[in-house]
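Throughout, read-outs are computed from the coordinates displayed, never taken from laboratory work. The shown structure was predicted, so the numbers you read here are calculated from the model rather than taken from an experiment. Positions of Cβ are generated from backbone atoms using ideal geometry, with glycine treated the same way; all protein chains shown enter the neighbour counts.
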Amino acid sequence: MLGKLFEINEVDLEEVKFPEISTADFEVYVLRIDKLHNEISGNKWFKLKYNLLEAEKLNHKTLLTFGGAYSNHIYAVASAGKEFGFDTIGIIRGEEYFPLNPTLQFAVDCGMKLFYLNRAEYKNRNDKAFQEKLKIKFDNPYMIPEGGTNQLALMGTEEIVNHIKTNFDYICTACGTGGTIAGIISSLKGEKKILGFPALKGGEFLENDIRELVTERSSQSYNNWKLITEYHFGGYAKIDISLINFINEFESINNFKLDYIYTSKMFYGIKELLKREYFSKGIKIVLLHTGGIQGNKGMISKVNNLLKNNYQL
């Protein structure tokens, strides 16, 4: 049974330091859920837990899911399939290119079969009729949505707060499809304060998605959460020299790494909020490290180009 494989003993809670910011008036910690598994990292562990248990219960042999070419979710599902004995199929947004990038190469090495859709076709991924065609084509696989967000994912992400073995005032997380923050909102039931940091430009649209997820899960809504939408650095997977410099400085004084796409933007945002005295003195803040370090490999050329151009200036 898969259940025992998902048992967790303890999750590390580590103190966080910020460059040029005194935290004497605050307590800031990071919950290291990124350390739960090398590949099924961070929030993906919780999002996939009950989906995989459901797939096992229904006797599905194959998992099918969707994602972009650098998707942490594709990476995690491929690893989970290999580790827990499922065949896996990845429906990838965009054209096929060789050589494969590190994310997709890892997926293939885990046994995942990749199929590509152009961006217009990919928009149909949540359409019921389109999904039925995929079920027929691939012999009735267990389907997991892009990013892994569904009600079973919320059952998993609700459990994250159980691993915070201290009292706290704020919990903060990066946001992609909203499944992690929705589970946290549902779990806390109006207690504490929750901040989400969308990695996408125009992340305000996530508010409705998150409210719908929470309402479906808990049959009520809560107002103890907020999205901080100004730290996207131009959009999904967009970065600039200020973010790179922040990451380098941050990693030099802390004992863990950040990914360029999600967690770094959230940590940067927290630094800026601390500078602006957004938080009251004496509070305790817990930040989620949702993983995603694998995506850094695909950002190397972009980072090097920014560093080179900045040096030339």
Note, ³J(HN,Hα) from phi for segment 42-58, Karplus 6.51, -1.76, 1.60, rounded to Hz, x at Gly and Pro: x, 5, 5, 4, 6, 5, 7, 3, 7, 5, 5, 5, 5, 4, 5, 4, 8
Tyr236 long-range amide H proximity, modeled H, under 5 Å: Lys201
Radius 13 Å from Cβ of Ala78, net charge of other residues (Lys, Arg +1; Asp, Glu -1): -1
Residue among Leu13, Leu53, Leu63 farthest towards the positive dipole end of segment 1-145, charges placed on Cβ: Leu63
Backbone HN-Hα couplings from phi across segment 278-292 [Karplus 6.51/-1.76/1.60, Hz, Gly and Pro as x]: 5, 9, 5, 5, x, 7, 10, 10, 10, 9, 8, 8, 8, x, x
Built amide H within the under 5 Å cut-off of Ala69, gap 5+: Arg93
Cα centre as origin, Lys/Arg/Asp/Glu Cβ charges: segment 107-215 dipole, Debye: 180 debye
Set of aspartates and glutamates near Lys57 by C-alpha distance (under 20 Å), chain-local residues within fewer than 8 positions excluded: Glu7, Glu83, Asp87, Asp139
Label-point gap, in nm, between Ile136 and Glu207 - each point 7 angstrom along Cα→Cβ: 4.2 nm
Spin-label pair Ile283/Asp240, simplified geometry with 7 Å Cα→Cβ offset, distance in nm: 2.6 nm
All lysines inside 21 Å of Lys238 as judged from Cα atoms, apart from same-chain residues fewer than 8 positions distant: Lys201, Lys257, Lys265, Lys271, Lys297, Lys302, Lys308
Along each principal axis, Cα extent of the chain, largest first, Å: 58, 52, 34
Built amide H within the under 5 Å cut-off of His37, gap 5+: Gly42
Calculated [θ] (222 nm, deg cm²/dmol) that DSSP helices of n ≥ 4 give over the chain, each run adding -39,500 (n - 2.57): -11500 deg cm²/dmol
DSSP-defined beta bridges in the chain - what % are antiparallel, rounded to 5: 10 percent
From phi via Karplus (6.51, -1.76, 1.60), per-residue ³J(HN,Hα) for segment 269-275 in Hz, x at Gly/Pro: x, 4, 4, 5, 5, 5, 4
